[in-house]
Amino acid sequence: MNQEPQTEAKTTPADRSQRQFNFSAGPAVLPEETLLEAKDELPVFDNAGASVMEISHRSAAYDKVEESAREHIKSLLDIGDDWHVLFLQGGASMQFYQAPLNFLTEGGSADYVITGRWGTKAIREARLVGDVNVAASTEEDDFAYVPDPADWDLNPDADYVYITTNETVNGNQITQDPVLDAPIVADASSEFLSRPMDLEGYGLVFAGAQKNVGPAGVTIVLVHDDFLEQKKDELPTMLDYGTHVRKRFNTPPVFPIYMVEKVTRWLLNMGGLDAIHAINKRKATLLYDRIAQSDFYYCTVDEGSRSMMNVTFRLNDPDLEDLFLKQAEQRGLMSLAGHRTVGGVRASIYNAMPVEGVEALVDFMDTFERTHG
Ligand SMILES: Cc1ncc(COP(=O)(O)O)c(C=O)c1O
């Protein structure tokens, strides 16, 4: 093949102006500056002579990246060395099985609080391991609210209580961190690092990075020392949390972790979780207030349980929803369709979605209602 050598980079500054407001539920919007930084560092990372994807995961340069990502997460959540921060693979979905495999004992049982699609998937995996008790479920009400912890039917001797702090598909969120008799195992995938968390009642928290913290490919797992003591023995090596607490057992997903390091640094520079939480509340309020302004739009989740991250809503005339989504796309507001299992509209407004993105959506909602209301 006789190809002309390419001397010019294909990306030009003009490409940046083509970035749209991305409301995708995940993989999701990342802070633009972290992308540009990565782009600059791509051919040669930290004088290592190659990109971060090409150097050994045992090298000093990579060590620094992973340690720094870990320290950022600990510092953001204000947690000490009694918590271990792991970077695992297999997605949050792997945790649905790995958590019970490690902590659901023979003869014991675990309590599950089911507030949406992801909790439903998690309990299915837990049943493959052992006994589970549905402590609460809002399935019959289309997951339109989060039940009050006072009403959860809990077993005080449970190995753990499983919750999904933010249900990405259904648009509800548990915002008060519960403290219960049993340690909590939480799927925090779609709200991780969007607010300060009080981890007092938790034993294990996991989050797929691809919503709020980085690209797909790494799952962040926090596990507490005391909870680890309850862990079963003789587990398959890769599925045993102990393996990863003890050492970097195998090749980690280096590039996603490298991006997590950047996104968490961006968060620290923004002022940490209190600061981002205030911005997230402002964005969510803007949108929920707009939905409530008329009966052209309506919310699918009850007040008090609404997610700050995934705002799910419908148009009163369902026949207009396709047009709404199509015109939104034409206005540079991308990926607003609700999950295929529920339909409607879902605006995922994670940390990296700027306030201007939400303002642009509200503005479009005004125009659309004026034209079609
Ligand atoms: C709350 C929640 N849990 C779990 C998952 C599954 O994550 P993964 O695709 O990383 O397995 C998702 C994905 O959207 C999610 O939103």
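Just so you know, all these numbers are worked out from the coordinates, no wet-lab data involved. Not measured: the values here are computed from a predicted model. In this analysis, Cβ positions are derived from the backbone assuming ideal geometry, glycine residues included, and neighbour counts consider all displayed protein chains.
Identify the residue in the stretch 142-175 that is out of contact with any helix residue (DSSP H, G or I) (no Cβ under 8 Å at 6 or more places or on another chain) and among the polar types (S, T, N, Q) and, among all such residues, is surrounded by the most Cβ atoms within 10 Å (Cβ to Cβ).
Residues of the stretch 142-175 out of contact with any helix residue (DSSP H, G or I) (no Cβ under 8 Å at 6 or more places or on another chain): 142, 144-158, 161, 165-166, 171-175.
Now restrict to residues that are among the polar types (S, T, N, Q): 155, 165-166, 172-173, 175.
Numbers: Asn155: 16, Thr165: 28, Asn166: 31, Asn172: 27, Gln173: 24, Thr175: 16.
Ranking the candidates gives Asn166 first.
Which residue is nearest to the ligand (Cβ to nearest atom), if the candidates are limited to the stretch 131-176 and must be among the acidic types (Asp, Glu) and within 30 Å of Leu336 (Cβ to Cβ)?
Here is the first cut: in the stretch 131-176, the residues among the acidic types (Asp, Glu) are 131, 139-142, 148, 151, 153, 157, 159, 167.
Still in the running and within 30 Å of Leu336 (Cβ to Cβ): 139-142, 167.
Working: Glu139: 16, Glu140: 21, Asp141: 19, Asp142: 17, Glu167: 6 Å.
This residue is Glu167.
Among the numbered conditions (1) away from the ligand (no atom under 12 Å from the Cβ); (2) part of a strand (DSSP E or B), tell me where Phe206 comes up short.
Unmet condition: (1).
Just the residues that are more than 11 Å from the ligand (Cβ to nearest atom), in contact (Cβ under 8 Å) with a residue 60 or more places away in the chain and crowded, with 24+ Cβ neighbours inside 10 Å, please, taken from the stretch 191-202.
Step one: filter the stretch 191-202 for residues more than 11 Å from the ligand (Cβ to nearest atom), giving 193-202.
Within this subset, residues satisfying the condition of being in contact (Cβ under 8 Å) with a residue 60 or more places away in the chain are 193-197, 199.
Scanning the stretch 191-202 gives Leu193, Ser194.
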